[in-house]
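Structure, as structure tokens:
The values are calculated or read from the model by the stated rules, or taken from the named source; none is laboratory data. Just so we're clear, the structure is a prediction, and the values are computed from it rather than from any experiment. Ideal geometry is used to build each Cβ from the backbone, glycine not excepted, and the neighbour counts take in all protein chains shown. With ligands, DNA and RNA removed, areas are computed over all heavy atoms of the protein, side chains included. Shrake-Rupley method; radii C 1.70, N 1.55, O 1.52, S 1.80 Å.
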Amino acid sequence: MLAAFAIVVPQHQAVRAADKGTPAIKDGWNARAAAQYLDSRETWWQGWDHANRDHGTKCVSCHTQAPYALARPELRSMLGESSLSTGEKAMLADVEKRVRNWDQMLPFYSDEKYGEGKEIESRNAESVLNAIILASYDEGKDQLSDLTRTAFDHAWALQSTTGPDAGAWVWQNFAYTPWESKESQYHWAALMAMTVSRAPDAYRNHPKIATNSLLLHKFLQQHYAAQPLLNKIVMLWASATDHNLLSKPQQRELAAELAKRQHSDGGWSTTDLGTWERRDKTPLETRSDGYATGLIVVALEESGAGTEAGTRGLANPMVKHALGWLIANQNQETGSWPAWSLNKNRDPKSDAGLFMTDAATGYAVLALENATR
């Protein structure tokens, strides 16, 4: 644990309704406020008409639900909560329903309404997101649930097996960076590799998925050099548990590049992690943000890149400086961390304007939670 960033939370104590306004910290960041923000956004998503899909289900979102599924279980452990939040229950029930009735469910987007190829894109992307979300809730267990295995089976069945993208999935592309754009295919393939490597019961070594895993690794390694820095960071994160993805020289090279791009305040800007251009031609936000900073810190912490062999990433001066930025920049009113759209100059308080904030908060939570281990 970094003594300079001490986090004080109640230990082994369930969160009661009367406790919800009580700060979860004395010095540092407010874990309970972050949980409340993430829960509130999931609740909003469940009630948003635009997210409605067939059979009474919801669209599975890359920006709000996937980071939520990665971060919220960690917060529950920190806060001593004994059960899933209402938001988690609703999200999981929805995902489980779509996985259980996969053959009956329509793609999120139809070719007729959205253009040729959108049904394949949305079906592929959903299969990967379902597997990532369900597997996140199986971490720490002795084995994968049957339904999570089914979700993985759906994804493997849709994995491309030929052509230049063999090993990846055709991804949803509405030219919305970083979630639904040309860069997203690699981004989520790397997160899928990470999910497989973390799955319990030695799932990654199962003979049934040997060919799938080999294809996925080849795709990630062969396309790595051409990726924007954002995707290389996700690859670094995945390499923390899948050690065959990146060589040590590649990790050191990436860590050196990140050191060059770290701002003087300790954070990073997502704008600096690729070559982006907004649709409305407005200038991109260049301030440090929670999305880039949280994601980079997680990748450095878990991989140990930029530190001496055998040393945890927390020993990295970049990480220490960035943790200070994260603690200083949690919104004390909402519990969230700031991030801004790469696509349009959106009102950051609007529903769509909060999508990057949703992801930023999930990654910031993971980064700060890692610092307490």
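Quick notes on this one:
- Measuring nothing but protein heavy atoms, the accessible surface of the chain at 1.4 Å probe radius is 50 percent carbon and sulfur.
- Normalised contact order of the chain, rounded percent, pairs of Cα under 8 Å and 6 or more residues apart: 18 percent
- The alpha carbons of segment 263-352 give a radius of gyration and a Dmax of 14.7, 47 Å, in that order.
- Here the scattering of the chain is modelled by Debye summation over its C-alpha atoms, one equal scatterer each and no solvent; at q = 0.10, 0.13, 0.14 Å⁻¹ the log10 of I(q)/I(0) is -0.60, -1.08, -1.28.
- Relative contact order %, segment 135-207, counting alpha carbon pairs below 8 Å whose residues are six or more apart: 33 percent
- Most fluctuating residue given options Gln330, Gln143, Gln65, as computed from a GNM of the chain linking Cα atoms under 10 Å: Gln143
- Within the assembled protein chains, the solvent-accessible surface assigned to Glu277 is about 120 Å², based on a 1.4 Å probe.
- Extension gain, Arg252 back to Gln143 (0.36 nm per residue minus Cα-Cα distance, nm): 35.8 nm
- Filter on Lys232/Lys260; Lys113/Lys349; Lys118/Lys232 - keep pairs with C-alpha separation over 18 Å: Lys113/Lys349; Lys118/Lys232
- Relative contact order (%) - segment 191-320, alpha-carbon pairs under 8 angstrom, separation at least six: 23 percent
- Most fluctuating residue given options Arg198, Arg261, Arg98, as computed from a GNM of the chain linking Cα atoms under 10 Å: Arg261
- Computed over segment 103-245, the P(r) tail beyond 17 angstrom holds 59 percent of alpha carbon pairs.
- Listed residue (Ala193, Tyr203, Ala328) projecting farthest to the positive dipole end of the chain, Cβ model: Ala328
- With all protein chains kept in place, the per residue accessible area of the chain amounts to 43 square angstrom at a probe of 1.4 angstrom.
- GNM flexibility winner over the chain from Asn124, Asn331, Asn231 (Cα, springs under 10 Å): Asn331
- The charge dipole of the chain, taken about its Cα centre with unit charges on the Cβ of Lys, Arg, Asp and Glu (plus for the first two, minus for the last two), comes to roughly 480 debye.
- Sites Thr162 and Gln332, calculated FRET efficiency, Cβ-Cβ separation with R0 56 Å, nearest 0.05: 0.60
- Between the alpha-carbon centres of segment 286-342 and segment 35-89 there is a gap of 23 Å.
- Set against the 2.2 N^0.38 Å expectation for a compact globular protein, segment 69-118 has a Cα radius of gyration ratio of 1.66.
- Simple spin-label estimate for Leu284 and Ser83 in nanometres, 7 Å along Cα-Cβ: 4.5 nm
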